[in-house]
Amino acid sequence: MIAGLLLLAAGVSFLFIPSSAGQVARWFARLLPLILICAGVVRVMSYAVERKPRSPISGMLLIFIGVLWFANRIHPELNGLHIYGRYWLLLLGVFAAVELVRYYSHRESEGPPPRVFTMVRVVAILLIVVTGVVAGRIAGNSPSLLSALRLDGFLGNLRDSVVGQEYSFTDQAMEVPAFHPGSRVTVSNSYGDVKVTGGASILRATLSKGVRSWSEEDARKIADQIKIVIEQTEDGWQIRTNRDQIAQQFTTSLQIELPGAARLEINNSYGRVSASQIDSPLLVRASYGKASINGIRGDVDLSLTYSDFEMANVNGNATITGAKRAQVSQVQGALKLAGSNGNIVVRDIAETVEINAPFCKITAQNLQSSASIRTEHGSVKVARAGDVKIDAPYSDVQAEEITGDLKVDSSNSDIRLRSIAGEATVAAQRSAVTADEVHGRIEVETSHGGVTIRNFHSGLRVQTSYRDVTLVAASQPTADIDVENSRGEIRLTLPESSQFQIDAESENGRVRPVGFNNIAQPSRHNLLAVFGTDGPRIRLRTSLKDITVQAVGSRQAQIRSGVN
């Protein structure tokens, strides 16, 4: 109980500190509901197993406080009375669950089983019901029992956060008439949104404020102190607010209309960033929010921290770091993206693509130039691209319609390739490899994974173990085929008219030619033969299972053979 109260006190202290406090404190406040719920569950389970603590009530209260805190995160526009009035049934449910744990975890050594209904339990149930109904009624009306109570400083913040509402105010727009083309505009904000739209004839900025307070009158007094600040610098203008001068809880959102020739830099945290129709390079530093970028005629540089973003229609290069969930499309230059722990979708990129995103699901389409993609413990799906290099350990890989060469390094997951115009190289461990319609040379090195290659047009080399290898040629082989499989079967299908030299051997299995007539094969474990007058070399090796070489087609080739 003492540990739970300490956590609760620390969370309340962090929750009501000024907005200029550090990120660590803010994140502790964000995670505190989960910590309280986990602590409550642990205490209830500890009571059921070891009877420590001696009562599950403290765990029940921690669970309910954590749940209410989460509800406040979901509905920030509601005050404490609204939250309790809406979710008091949860308290009743938690109380009932805890009592069931108490009843069914009773031990004979502890004496007679507890009674289901006692006077204390009935009073507790009535108290929950009455207070919940009263809270719902009070929250549904505008009157306030606390509105006349004047509280300042920490107590005022506590009152406003628990039972206050958020009121919105918007100031008149401020204009900068003496704006010179090519000037730099720097926008700095926190705990609010920033929206910048280009194409305006004059620089114009509008401030919207959201103040959480018990009454609109008190909120307006705070809002009147919050101002937008526009200062001229050596190379342009800086737009910010005076939030560091006010120790209250509020949000500030900036909406800016920007002349097309301006260079733009945006710095924002704990809010959304939006920039569109900007005719110059763009630099954005954003944290704990979301960025939306559209219609930029210049390079884009995004430095993100725990942020999602969307980007489209960029007439320049794009560099992004620190992304989580990301969507990028229609970039006329090169793309360089670094992120983690999210989903990344990239399409319609004109120049080179470089993605480094561990623990991500990556989807890339319509890459007109080369691409380098790296992840781990995620997945990669590439379609319609030039030369592609994929480094993805512990990740599924799928590539199709590749007009250049493909190189894949992976492990412990499936690899699927289709319609590769150039060469395909796969280096993997414990991965199954499937390929279809590869026009260039194929090299596959894996282990403990099956290999299936259909409709191949050139030579190939395959090395694997413990799984089967299945190869189906699209036409007569024109380059060497080399397969080495440890403890797995090999099946090779060729057109009947193929010409080649074959050297096949299975240490403990059988080598079987099917469809090729007039073959003298004294040994069932070896096959050394020449089909036709000339052709590439085929080498097949396995240590345990069978090797089957099957002919399909309409014409029987001339054969001259010899067998070891």
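Out of S303, S329, one residue alone is small (G, A, S), without any contact (Cβ under 8 Å) to a residue 60 or more places away in the chain and more than 23 Å from A262 (Cβ to Cβ). It is S329. All conditions in (1) in contact (Cβ under 8 Å) with a residue 60 or more places away in the chain; (2) crowded, with 20+ Cβ neighbours inside 10 Å; (3) farther than 22 Å from K290 by Cβ hold for Q249, with the sole exception of (3).
Looking at the structure I just gave you, is Q248 assigned to a loop (DSSP other than H, G, I, E, B) and modelled with pLDDT of 90 or more? Write out each step before concluding.
Working: assigned to a loop (DSSP other than H, G, I, E, B): yes; modelled with pLDDT of 90 or more: no.
Criteria not met by Q248.
Restricting attention to region 307-318, the residues being touching a strand residue (DSSP E or B) at 6+ places or on another chain (Cβ under 6 Å) and buried (at least 17 other Cβ atoms within 10 Å of the Cβ) number 7.
Just one of the listed residues (V388, V438) is under 21 Å from V472 (Cα atoms) and aliphatic (A, V, I, L, M), namely V438. Contact map, region 448-474: first residue farther than 12 Å from R491 by Cα, second residue part of a strand (DSSP E or B) and of a type in the set (F, W, Y), Cβ cut-off under 9 Å, separation 6 or more or different chains; pairs are A474/F456. A search for C-beta distances below 6 Å between a residue of region 176-194 that is surrounded by fewer than 16 Cβ atoms within 10 Å (Cβ to Cβ) and any residue that is assigned to a loop (DSSP other than H, G, I, E, B), counting only pairs 6+ apart in sequence or on different chains, returns P181/A261; G182/A261. For the residues I125, I138, the requirement of being within 30 Å of D218 (Cα to Cα), at pLDDT 55 or above and of a type in the set (A, V, I, L, M) singles out I138.
Within region 366-376, the set of residues being closer than 16 Å to A338 by Cβ and part of a loop (DSSP other than H, G, I, E, B) comprises T375, E376. Considering V42, V49, the condition of being at pLDDT 70 or above and aliphatic (A, V, I, L, M) is satisfied by V42 alone. When the strands (runs of 3 or more DSSP E) confined to region 419-514 are screened for residues that are at pLDDT 95 or above, those reaching at least 2 such residues are found at 424-429, 433-438, 442-445, 451-456, 460-465, 469-473, 481-486, 490-495.
Taken together, T305, T319 contain a single residue that is closer than 28 Å to S379 by Cα, modelled with pLDDT under 95 and either part of a strand (DSSP E or B) or small (G, A, S) (or both), which is T305.
When you look at I266, is it under 19 Å from V176 (Cβ atoms), under 26 Å from the mean Cα position of the chain (by Cα), crowded, with 18+ Cβ neighbours inside 10 Å and not basic (K, R), yes or no?
On the way: under 19 Å from V176 (Cβ atoms): yes; under 26 Å from the mean Cα position of the chain (by Cα): yes; crowded, with 18+ Cβ neighbours inside 10 Å: yes; not basic (K, R): yes.
The answer is yes for I266.
In region 158-181, the residue that is modelled with the highest pLDDT out of those that are more than 15 Å from T206 (Cα to Cα) and in contact with an Asp or Glu (Cβ under 9 Å, 6 or more places away or on another chain) is Y167.
The values are calculated or read from the model by the stated rules, or taken from the named source; none is laboratory data. As the structure is a computational prediction, the values presented were derived from the model and not from experiment. Here Cβ is always computed from backbone atoms with ideal geometry, including for glycine, and neighbour counts include all displayed protein chains.
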